[in-house]
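K.L.:
Have a look at the structure that comes next, please.
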Amino acid sequence: MSSQPIFIRNANELITLKGSSHAPLTGEKMSELHIIENGSVWIEDGKIVAVGTDEELQQQFEDRLQEAQVIDATGKTVTPGLVDPHTHIVYAGSRENEFNMRLNGATYMEIMNADGGIHATTRATREADEETLFNESKRRLDQFLQHGVTTVEAKSGYGLSFEHELKQLRVAKKLQETHPIDLVSTFMGAHAVPAEYKENPDEFVRIVCEEMIPKISEMKLAEFNDVFCERGVFTPEQSRTILEAGKKYGLKPKIHADEIEPYKGAELAAEVGAVSADHLLRASDEGIEKMAESGVIAVLLPGTAFFLMTEAANGRKMIDRGVPVALSTDCNPGSSPTVSLPFIMNLGCLHMGMTPAEVLTAVTINAAHAIDRGSEIGSIEVGKKADIAIFDVPNYMQLVYHYGMNHTNTVIKNGEVVVSRG
């Protein structure tokens, strides 16, 4: 960690999102960005030490200005480092052939039932050795970093056997130890029913609950436990069993819910106290109300709906009903092969009725809370990790207004400059 302070100076807009560390933002508060014009940040020992106007910080540190590495943010927008709370980044192989199948009319479930989909990536991931899996995943992480992302959640779920789930989680741990981006690991052994258990899915549920989860917990390879609750995958009853088993071993529950059809996934998330329910394209009104009442974060994935050519989740309704909303790429080889969180923000506005302020909140502080990191990252406040992105646009609305463009100028992770484009 660098001992030299960093002084980010004179940002056209400094988006702080201050005061949001204790809980995710909901409703109208998702639009309260707490912007400082001509804003500056003093960073030292990997932490944010001071935040204010350039004039205030010049006065505060006038005797130490010559010590600092100065980053001139004139004309630029400074935000917290972006956070992606739902990815399947550790995998091998590619599925562009399925893209062509979909363009010719095949549905997601038709492809999956024809031994494509998750099963195709499972085969490739099982066949890949650990080094290959690490190198492929590292390339994706490198690209995330270039888009201003400083923290990523990484799910297993393409091994679907203890041996290969462990392999995915070991790779995620190695990436966490060696890559600038922080990885938060989620065990998702219940991503699909493996082909060998197609006729006896309850036996696979038993294996996940009684054999995999205890060992994953003991080895400290994951913080969360996720399940794909969907017709033809895991029923609400099976999903509850898996999530409750994880809770017994200290794994916090998450759930892939109501993606293809209403299936009581949102309701289940509220009942088991899930940190988040993700996808939610077909969530019922009752499920949305229950999530709002229990504080479950909706992690919405508009890139998946875009790529599958289907209607996105109703982010506008969820925000208006009081559900805290986060956004994610859902980076995966089948339904969302992207690393561009800024593009996901654009989709949040165009396809889910969210405002530019709401989508920025959704990829910073709310995304941080969706992986239980809201007290450490997601806002620019004294004492937090110095995870900061600087974008080459004069205001945050231009960040979303331009689509398909990467405006990232500088990325600071734990007080170190890890991306710099001059």
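K.L.:
At 0.36 nm per residue, and after removing the present C-alpha to C-alpha distance, how many nm does the segment from residue 375 to residue 244 gain when stretched out fully?
P.N.:
44.6 nm
K.L.:
Considering the Cα positions of the stretch 355-401, please state its Rg to one decimal place and its Dmax as a whole number of Å.
P.N.:
Calculated on Cα positions, Rg and Dmax stand at 11.5, 32 Å.
K.L.:
How large is log10 I(q)/I(0) at q = 0.16 Å⁻¹ when the Debye formula is applied to the Cα atoms of the stretch 324-398, each weighted equally and without solvent?
P.N.:
Each listed q maps to, in turn, -0.64.
K.L.:
In debye, nearest 20: dipole of the stretch 111-205 around its Cα centre with unit charges on the Cβ of K, R (+) and D, E (-)?
P.N.:
The calculated dipole for the stretch 111-205 is roughly 320 debye.
K.L.:
Follow-up. Zone of residue 53 (label point 7 Å along Cα→Cβ, backbone N under 17 Å): which residues in the stretch 340-384?
P.N.:
Output list for this probe position: empty.
K.L.:
How long are the semi-axes of the ellipsoid equivalent to the stretch 1-126, from square roots of 5 times the Cα gyration tensor eigenvalues, in whole Å, largest first?
P.N.:
Equivalent-ellipsoid dimensions as semi-axes: 46, 19, 14 Å.
K.L.:
Let me ask another. For residue 96 and residue 74 in the same chain, what is the full-extension length gain: residue separation times 0.36 nm, less their Cα-Cα distance, in nm?
P.N.:
Length gained, residue 96 through residue 74: 3.7 nm.
K.L.:
Treating only the Cβ of Lys, Arg, Asp and Glu as charged (+1, +1, -1, -1), what charge dipole size does the chain show about its Cα centre? Round to the nearest 20 debye.
P.N.:
The calculated dipole for the chain is roughly 260 debye.
K.L.:
What FRET efficiency comes out for the pair residue 63/residue 37, r = Cβ-Cβ distance, R0 = 35 Å, nearest 0.05?
P.N.:
0.85
K.L.:
In sequence order, what are the phi-derived ³J(HN,Hα) couplings for the stretch 163-179 according to the Karplus relation 6.51 cos²θ - 1.76 cosθ + 1.60 with θ = phi - 60°, rounded to whole Hz, with x for glycine and proline?
P.N.:
Rounded to whole hertz, the list is 4, 7, 5, 4, 4, 4, 5, 5, 4, 4, 5, 5, 5, 4, 7, 10, 9.
K.L.:
Still on this structure, please answer the following. Taking the simple approach of a point 7 Å from Cα along Cα-to-Cβ for both residue 114 and residue 284, what is their distance in nm?
P.N.:
For the pair residue 114/residue 284, the computed spacing is 3.3 nm.
K.L.:
How much length, in nm to one decimal, is gained on full extension between residue 310 and residue 197, taken as 0.36 nm per residue of separation minus their Cα-Cα distance?
P.N.:
Between residue 310 and residue 197, full extension yields an extra 37.7 nm.
K.L.:
Given 106, 120, 135, which one lies farthest toward the positive end of the charge dipole of the stretch 57-198, if we put +1 on the Cβ of every Lys and Arg and -1 on the Cβ of every Asp and Glu?
P.N.:
Ranked along the dipole, the leading option is 106.
K.L.:
Regarding the stretch 230-366, what is the average projected area of its C-alpha convex hull, in nm²?
P.N.:
Directional mean of the projected Cα hull area for the stretch 230-366 stands at 7.8 nm².
K.L.:
HN-Hα J couplings of the stretch 314-324 from phi, Karplus 6.51/-1.76/1.60, θ = phi - 60°, integer Hz, Gly and Pro as x?
P.N.:
8, x, 4, 4, 5, 5, 5, 8, x, 7, x
K.L.:
While we're looking at this one, here's another question. Note down the nm distance, to one decimal, between modelled labels 7 Å out along Cα→Cβ at residue 106 and at residue 405.
P.N.:
3.7 nm
K.L.:
Follow-up question, since we're still on this one. Rounded to the nearest 20 Debye, what is the dipole magnitude of the stretch 273-396 about its Cα centre when Lys and Arg each give +1 and Asp and Glu each give -1 at the C-beta?
P.N.:
Rounded to the nearest 20 debye, it is 60 debye.
K.L.:
Which pairs in the list 167/317; 138/317; 254/317; 47/317 are over 31 Å apart, alpha-carbon to alpha-carbon?
P.N.:
167/317; 138/317; 47/317
K.L.:
Considering the options 200, 162, 184, tell which one lies farthest towards the positive end of the dipole of the stretch 157-212, charges being +1 on Lys and Arg and -1 on Asp and Glu at the Cβ, about the Cα centre.
P.N.:
Of 200, 162, 184, it is 184.
K.L.:
Mind checking the angle between helix 236-248 and the chain's longest principal axis? C-alpha axes, 0 to 90 degrees, to the nearest 10.
P.N.:
60 degrees
K.L.:
For the peptides 223-229, 60-66, 208-214, what is the packing order when you average, over each peptide's residues, the other Cβ atoms within 10 Å and list the highest mean first?
P.N.:
Most protected by this proxy first, the peptides run 223-229, 208-214, 60-66.
K.L.:
How large is the helix-only mean residue ellipticity at 222 nm for the chain, computed as the sum of -39500 (n - 2.57) over DSSP H runs with n ≥ 4, divided by its residue count, in deg cm²/dmol to the nearest 500?
P.N.:
-10000 deg cm²/dmol
K.L.:
How much of the DSSP bridge set in the chain is antiparallel, in percent, rounded to the nearest 5?
P.N.:
So the antiparallel bridges amount to about 45 percent of the total.
Values quoted throughout were computed directly from the atomic coordinates according to the rules given, and no laboratory measurement underlies them. Please read all numbers here as calculations on a predicted model, not as lab measurements. Cβ sites come from the backbone with ideal geometry, for glycine too, and all protein chains shown count toward neighbours.
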